[in-house]
Amino acid sequence: MKILILGNLGYIGPLVARELSQRHPDAILHGFDNAYFAHCLTGATSVPERFLHEQMYGDVRNVTADMLRGYDAVVQLAAVSNDPMGNRFAGVTADINQRSTVAIARAAAAAGVSNFVFASSCSIYGVAEGAPRTERDPTAPMTAYAKSKIGAEQELETIDTDMVITCLRFATACGMSDRLRLDLVLNDFVACALSDGQITVLSDGSPWRPLIDVADMARAIDWAVQRPADNGGRFLRVNTGNDERNHQVRDLANAVAQAIPGTSVSINTDAPVDSRSYKVDFSLFRELAPDHQPQVTLEMSIEQLIRGLKRMNFNDAQFRSSPLMRLHVLQGHIEEGRLSEDLTWQ
């Protein structure tokens with residue numbers, strides 16, 4: 001196989017490059033990224049792109065069919081990647097996450113690519129009370145980020161092609177990476193506990209979140225790049241995670257406190273209703289991908305984060321204003337004149 005990973009220089013990409021190189025030692029792996037976060041290495045002893053045969057640089061908004069010829073699979077990770085960034089760059093979020101994704105998929109189909117993998121999100125379920133949400137249930141995207149993900153899915157479904165398209169609706173990411181982000185709920189809690197000995201839950205702790213470790217995200221992508229059409233259909237949207245990792249936020253905080261003795265937990269019982277709370281049903285993914293199921297438990301994710309942050313000598317109680325938060329990295333680029341407001345390099 002020859003595989004192109006778009007947006008590989010972020011949080012998930014290092015794990016994907018490693019997983020695919022280990023699972024397919026004869027495959028040719030290329031990365032393509034705009035390099036907003038390429039410098040955000042966190043305790044890595046070597047550059048994670050060592051697993052690739054080639055690293056290319058560019059803007060996914062400029063990808064053409066000619067650039068995709070010869071690839072068997074294209075993995076689309078490139079995105080404005082969370083709600084705070086989506087709120088700050090709403091127009092760019094729609095442009096990169098939705099319009100560019102669809103344009104790349106059309107170009108990939110024209111170029112003869114066999115498999116297209118889109119990193120979607122369970123955040124499209126928004127506030128969803130009751131039973132865990134399946135792929136057949138209505139969606140309720142509450143943010144620019146979530147709206148861009150469901151919008152991309154809907155347009156991808158309309159492409160007239162034999163190319164196999166897989167939309168992996170990932171649970172909330174967590175876990176250690178060579179380019180760690182701390183703007184994710186579990187990662188934030190571990191960082192708070194290590195740096196300040198206290199976890200402050202801004203909600204009342206009741207919202208539900210499904211979690212998936214980045215290593216398990218990479219495992220799912222390995223399945224999707226080789227998925228045949230008769231396993232789920234030519235176009236597939238699938239919740240990606242496992243049922244055991246549906247957690248309430250307060251339980252996440254308490255699990256971290258248990259792993260780091262001396263940590264106190266403060267919960268804002270008077271907080272307004274959170275804009276995201278949903279349980280997710282992952283039975284379809286379990287049925288279609290039995291050999292690529294998540295293997296990392298909540299306790300393992302926490303332990304790997306603790307080890308990784310300690311390896312970094314992390315002790316910054318003000319980390320929410322640091323480059324470990326992706327929005328601050330983009331803001332820094334803009335303030336220094338490196339990026340424009342539409343996130344193109346100057």
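The values are calculated or read from the model by the stated rules, or taken from the named source; none is laboratory data. The shown structure was predicted, so the numbers you read here are calculated from the model rather than taken from an experiment. No Cβ is skipped: glycine too gets one built from the backbone with ideal geometry, and neighbour counts run over all protein chains shown. Keep in mind that these areas ignore ligands, DNA and RNA; they rest on the heavy atoms of the full protein, side chains included. Shrake-Rupley method; radii C 1.70, N 1.55, O 1.52, S 1.80 Å.
Under a model in which nothing but the beta-carbon of Lys, Arg (+1) and Asp, Glu (-1) is charged, the chain shows a dipole of about 220 debye around its Cα centre. Once the Kirkwood radius over Cα pairs is known for segment 74-121, the Stokes-Einstein relation at 10 °C and 1.306 mPa s delivers a diffusion coefficient of 140 µm²/s. The H on the amide N of Leu339, modeled in the peptide plane, is under 5 Å from the matching H of Ile334, Gln346, each at least 5 residues off or on a different chain. With axes computed from alpha carbons, what is the tilt in degrees of helix 214-225 against the longest principal axis of the chain, rounded to the nearest 10 within 0 to 90? That helix lies at roughly 20 degrees to the long axis. Adding -39500 (n - 2.57) for every DSSP H run of four residues or longer, then dividing by how many residues the chain holds, sets the calculated 222 nm ellipticity at -9500 deg cm²/dmol. Full extension of the chain between Glu336 and Ile28 gives 107.2 nm of extra length, using 0.36 nm per residue less the Cα-Cα distance. With the whole protein complex present, Thr45 retains an accessible surface near 140 Å², based on a 1.4 Å probe. The calculated FRET efficiency for the pair Thr161 and Ser264, based on their C-beta separation and a Förster distance of 56 Å, comes to about 0.55. Note that segment 123-254 shows a convex hull volume over its alpha carbon atoms of 131 Å³ per residue.
Model label sites at Thr200 and Asp230, defined 7 Å from Cα along the beta-carbon direction, differ in position by 5.8 nm. Take each peptide in 234-243, 122-131, 308-317, 4-13, count the other Cβ atoms within 10 Å of every residue, and average; sorted highest first, the result is 4-13, 234-243, 122-131, 308-317. Can you pull the percent of Cα pairs in segment 250-293 with separation above 17 Å? Here the tail beyond 17 Å accounts for 60 percent of pairs.
Note on segment 224-285: along the principal axes its Cα atoms extend 51, 29, 17 Å, ordered by decreasing extent. I need the shape label for segment 113-178. Rule: rounded when a/c is under 1.5, else prolate if a/b > b/c, else oblate, with a, b, c from the alpha carbon gyration tensor. Oblate is the answer for segment 113-178, as a/c is 1.5 or above yet b/c matches or exceeds a/b.
Ranking of Trp223, Trp208 by solvent-accessible surface, largest first: Trp208, Trp223 (1.4 Å probe, protein heavy atoms only, all chains present).
Could you estimate the translational diffusion coefficient of segment 243-324 from the Stokes-Einstein equation, with Rh from the Kirkwood formula over C-alpha pairs, at 4 °C and 1.567 mPa s, in whole µm²/s? So the translational diffusion coefficient is about 82 µm²/s. Where the alpha-carbon atoms of segment 278-346 are placed on the principal axes, they occupy 49, 33, 24 Å, in descending order.
Diffusion of segment 5-77 by Stokes-Einstein, at 25 °C in a medium of 0.890 mPa s and with Rh set to the Kirkwood radius over alpha-carbon pairs, works out to 193 µm²/s.
For the chain, the convex hull spanned by the alpha carbon atoms encloses 126 Å³ per residue. The Rg/Rh ratio for segment 1-155, using Cα coordinates for both the radius of gyration and the Kirkwood hydrodynamic radius, is 0.98. Our coupling estimate for segment 301-314, obtained by passing each phi through the Karplus curve with A = 6.51, B = -1.76, C = 1.60 and θ = phi - 60°, is 4, 4, 5, 5, 5, 4, 4, x, 5, 5, 4, 7, 6, 6 Hz, Gly and Pro reported as x.
Evaluated over the Cα positions of segment 198-346, the convex hull gives a direction-averaged projected area, one quarter of its surface, of 12.4 nm².
Size of segment 151-219: Rg and Dmax of its alpha carbons, in Å, are 16.9, 54.
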